[in-house]
Structure formats: structure tokens, C-alpha cells
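Read through the structure below, which is laid out as C-alpha cells, and then see the notes.
The values are calculated or read from the model by the stated rules, or taken from the named source; none is laboratory data. Small disclaimer: the values here were computed from a predicted structure and weren't measured. Methodologically, a virtual Cβ is constructed for each residue, glycine included, from the backbone with ideal geometry; neighbour enumeration extends over all protein chains shown.
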Amino acid sequence: MESLDKARLNLISGYALNSLFWMYLNTLGIDPKEHSIKGELEKYKSFMKTVKEIADKSKAPILNKVTLKVDLCECIMDNNA
């Protein structure tokens, strides 16, 4: 399993457990919005967003700098002619 997949699995597991605790607090009549669990859930959301950004960056196309430089030079030469 890749490290990115491991990170996703750990985040999903942690988020699920914290969500269950949120529900447990509700059953006890405690407002979870005023409990520290809300901050924990926000942390997990932030971490999930970071993992998603990393995954998206790895899927992004890679520019070939040499080809780009040649294309730019050709474009400049065509405009000067």
C-alpha cells in the first residue's frame, strides 16, 4: 500500500471514530459544538484537504521545459520575422 493510501486510510478511520464520539455526545445531551471534538474534526478535514491537494499535484501534467523553451523561441522568431 502506498503512503498516500495509508494516509487516507488513517484519516478516514480517525474521522469516523471522532464522528462516532460526536454522536455519543449527542446521545448524552452534550452539545458537541462546544466540545473539543469539534476542533478535532476540523483538524481531520484540514488534513484530508492537504492529502487531496498532494494527490492532485501528483496527477498534474508535467511540463517538458526543453520543449517549452523551443516553442517559445520559435514563437518569438515568428513574431520578429
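Worth pointing out:
- The range 16-31, subset under 19 Å from Met48 (Cβ atoms) and among the aromatic types (Phe, Trp, Tyr), residue surrounded by the most Cβ atoms within 10 Å (Cβ to Cβ): Trp22
- Of residues in the range 34-74 being of a type in the set (S, T, N, Q) and either closer than 30 Å to Leu4 by Cα or outside any helix (DSSP H, G or I) (or both), the one modelled with the lowest pLDDT: Asn64
- Matching residues, the range 15-33, being part of a helix (DSSP H, G or I) and either hydrophobic (A, V, I, L, M, F, W, C) or under 19 Å from Lys43 (Cα atoms) (or both): Tyr15, Ala16, Leu17, Asn18, Ser19, Leu20, Phe21, Trp22, Met23, Leu25, Pro32, Lys33
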